[in-house]
1. Zone of A:Q290 (label point 7 Å along Cα→Cβ, backbone N under 16 Å): which residues in the stretch A:54-68?
2. So what is the diffusion coefficient of the stretch B:1-138 in µm² per second by Stokes-Einstein at 10 °C and 1.306 mPa s, using a Kirkwood Rh over Cα pairs?
3. So what's chain A giving for Rg/Rh, alpha carbon basis, Kirkwood Rh from the mean inverse pair distance?
4. Can you tell me how the stretch A:1-151 classifies by the Cα gyration tensor, rounded, prolate or oblate, using a/c under 1.5 as the rounded cut?
5. Mind running the shape call on chain B? Use the C-alpha gyration tensor, a ≥ b ≥ c as the square roots of the eigenvalues: rounded below 1.5 for a/c, prolate if a/b tops b/c, oblate otherwise.
6. Work out the charge dipole of chain B with +1 on the Cβ of Lys and Arg and -1 on the Cβ of Asp and Glu about the Cα centre, then indicate which of B:A32, B:V171, B:H148 is farthest towards its positive end.
7. Return the distance in nm (one decimal) between the two label points of a simple spin-label model at B:D262 and B:A445, each offset 7 Å from Cα along Cα→Cβ.
8. Hey, if you drop one equal point scatterer on each alpha-carbon of the stretch B:355-415 and run the Debye formula without solvent, what base-10 log of I(q)/I(0) do you get at q = 0.12, 0.15, 0.17 Å⁻¹?
Amino acid sequence: MLSRAAERVYWTGRYLERAENTARIVQQYSQLLLDLPDEVGVGWDELVTIFGAASEFPGAGEVSEEVAVLRFLVSDPNSGCSLVRSIRMARDNMRNTRDLLPQESWESVNELDQFARRALVSTVDDEDRFEVLSECIARCLQVDGILVGTMSHGAPYQFLRLGQSLERADMTSRVLDVATAYVRRDPDLIDRFGSVLGTNALKSVSGFQMYRQYCQPQIEGERVVEFLVRDTLFPRAIASCVNRARFACSRLPGGEAPLDCLDRIVEHLGQDPEDDLTAADVSAIMDRIQQWLGQVHEAVVHTWFTPDADQ
Amino acid sequence: MTFNGQDYESGAFFDELIGRDGRARPHAEALARYFAEMVPADLAQRQAAVDRTIADMGISFTVYSEGDNIDRAWPLDLIPRAMPGDEWDRIEAGLVQRVRALNLFIDDLYNDRRILADKVVPAEIIDSSRNYLAPCRGFSPRHGVWAHVTGTDLVRGGDGTVYVLEDNLRVPSGVSYMLENRTVIKRVFPSLFRNLRIRPVGEYPTRLAEMLASIAPEQAADGAPEIVVLTPGIYNSAYFEHSFLARTMGAELVEGGDLFVDDDDCVYMRTIEGPCRVDVIYRRIDDTFMDPEAFRKDSMLGVPGLTRAWRAGNVALANAPGSGVADDKVVYSYVPDIIRYYLDQDPIIPNVPTWRCSDPQHLEHVLSRLPELVVKPANESGGYGMLIGPQATKAEHARFHDLLNADPRNYIAQPTLDLSTAPTLSSGRLEPRHLDLRPFILQGADLSVTAGGLTRVAMRKGSLVVNSSQGGGSKDTWIVEENR
């Protein structure tokens with residue numbers, strides 16, 4: 001398999017996942033704000049922070065903060081972290097590797113792209129937002145379903161999965177980072193709205209139901225963090241994503257360097273299960289996890305995409 | 001001859017299927033009978049079936065429009081264009097003769113330059129051609145062959161004579177559409193194929209792969225040589241074809257960035273398992289974009305050092321850089337002499353009569369008759385920079401008058417051709433439309449020619465423009481055996 005093709009398939013996986021997660025997070029965040037009174041001080045700008053894009057956000061200007069954030073994160077094709085842009089990037093990467101991926105997945109991602117360009121503008125209107133984002137999520141899942149259901153599990157598939165797993169782990173860590181940030185800022189919040197924030201974190205990664213089934217019915221901050229970081233059964237928990245990334249690397253030729261990085265994450269996640277994950281520490285831990293995931297990405301690039309870059 | 005109740009008027013031009021007497025030509029009788037039974041609704045329904053098959057198979061081409069690029073469904077007219085087998089045999093012999101002579105010519109130009117010393121072709125024509133590439137001098141590729149894939153454009157004039165219009169020795173495209181057209185028409189009209197003997201075209205990808213293997217460096221010949229198709233990428237209008245050929249040959253489709261030349265002057269592609277040696281590159285990018293080290297420094301599409309690896313004999317390039325020197329339209333005018341010089345034979349297929357503006361007498365003649373002639377620049381392709389005398393304004397005539405006087409070497413002129421026609425579905429009825437034919441000729445260790453080629457048809461009434469980007473369509477091309 002050509003390195004270039006591998007890289008594009010990997011990015012297809014990442015962008016598809018990013019698109020789906022962006023839609024989920026924005027959708028859930030809109031719901032959350034309806035539950036929190038203004039004096040809590042949780043605003044739309046926090047959402048930009050989740051995406052690590054505070055420095056690129058141009059600010060509200062003429063429009064309300066809500067509209068500005070939604071344009072920035074959803075509908076503006078010129079914004080580097082918008083949903084519509086992620087979908088376009090997924091499509092462009094897939095277009096370059098059409099011969100490797102099932103024809104239906106290409107058709108499906110094309111339809112998704114056309115839908116996104118047409119419909120996402122209306123997410124600034126809160127009456128339409130939920131429905132449009134739901135359709136976006138459903139279409140992302142449709143593409144994913146075609147890939148899972150019709151693709152041989154050779155190298156292209158493993159690169160797709162690898163990109164998807166790393167992106168998903170990264171997104172989950174960002175959701176947790178923000179959910180616990182309010183608590184850090186005002187410990188009092190945890191008493192009043194702890195379960196609302198925990199529920200939001202879970203719902204942002206569609207983990208609410210599985211948490212209740214596999215963990216406990218009560219929403220407790222620390223157990224939520226524990227679940228979203230260390231659970232190996234829930235597919236959006238970080239440990240679970242890391243395991244899938246390890247599996248993909250193990251099926252690819254010469255993946256020792258990325259595997260070493262992934263093993264290090266597993267090792268760290270496994271330590272001190274009781275007291276490591278208090279809300280106060282979460283932010284530092286998430287920063288570290290994001291750094292480690294960045295190292296995995298570097299190792300992947302170096303191993304498979306630009307192996308001769310340092311010649 | 002009537003089609004769907006209406007008289008088909010083949011008009012003043014030579015029609016490929018219907019004779020002047022209004023009756024189908026012998027090789028087209030079965031075809032004409034089949035379509036004559038159809039009412040307009042049948043024709044429309046069959047055309048819809050053709051269009052649907054094309055959409056389902058994803059046969060597309062790319063057009064550029066306002067910076068965006070769009071994949072469009074490939075336009076295919078449902079009525080095939082047929083030619084008799086014995087006529088084709090003669091054309092095929094003519095193409096083989098022509099390509100063989102042209103390859104001897106190119107090899108001579110970059111080495112001994114005998115034909116120039118013997119003053120059959122003036123040396124200044126070659127030395128002033130921007131397609132004569134200095135980095136290619138003093139080298140001879142395997143088998144002495146430079147143009148491995150040629151897409152000769154043929155046209156038929158009003159008297160029924162078939163002429164060579166252009167040789168296209170660089171990166172001719174269209175062969176994938178020839179193959180796909182046949183696939184589609186076979187699906188939609190299977191019964192026609194059962195009752196007629198039509199020469200198959202489907203083995204082209206195999207022939208291409210065999211030809212490419214035959215030019216691999218000799219040290220690679222023991223194993224299966226690694227063959228790749230080099231494309232400029234998805235934004236190229238022929239990307240569908242690049243991808244199609246790579247897929248049907250089982251070759252890797254690569255871009256410039258996938259390849260590199262190492263210190264050993266060998267070419268490698270970057271794979272997830274490390275560098276992998278490449279033996280043959282079927283390149284679909286222009287000569288001068290191929291290697292920024294040897295040609296255009298600003299090329300982002302090429303591979304630095306490719307020419308070095310090629311000259312060291314470590315990789316084969318098809319077509320070889322520099323083969324475009326024989327695409328110069330002034331050189332074209334000498335091809336009949338070139339055939340006589342190298343093969344000692346008379347040309348089987350004539351050239352379109354051509355005036356060279358570099359010759360003062362020719363120039364005078366051309367300047368006095370501009371409104372009747374077609375004037376072409378020597379080194380453009382795709383119809384750029386042309387004057388079509390009868391359709392041009394007085395101001396354009398005046399402009400070309402000046403251009404020709406300023407730079408006569410770079411222009412040739414030809415009579416306006418009465419291109420032949422064939423019945424084509426237009427607004428529900430069959431009408432004559434002008435067409436041409438592009439067969440593909442492969443030369444490596446051996447020579448082979450496609451049975452027929454890609455027929456391109458101008459879909460607008462009276463138009464001579466067959467380019468798909470400008471509203472042209474295509475037809476399946478049948479070489480029909482009559483002795484059955």
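What follows is calculated from the coordinates using simple rules that are stated; it is not laboratory data. Keep in mind it's a predicted model, so treat the numbers as computed, not measured. Quick reminder, even Gly has a Cβ in these numbers, built from the backbone with ideal geometry, and neighbours come from all protein chains shown.
1. Output list for this probe position: A:54-57.
2. 78
3. Numbers: Rg = 19.2 Å, Rh = 19.9 Å.
Taking Rg over the Kirkwood Rh, I get 0.96.
4. Numbers: a/c = 2.37, a/b = 1.94, b/c = 1.22.
Prolate shape, in that a/c is at least 1.5 and a/b is the bigger ratio.
5. Values: a/c = 1.72, a/b = 1.24, b/c = 1.39.
In terms of gyration-tensor shape, oblate.
6. Farthest along the dipole direction, towards plus: B:A32.
7. Here the answer is 2.7 nm between the modelled labels.
8. Evaluating at q = 0.12, 0.15, 0.17 Å⁻¹ gives log10 I(q)/I(0) of -0.22, -0.35, -0.45.
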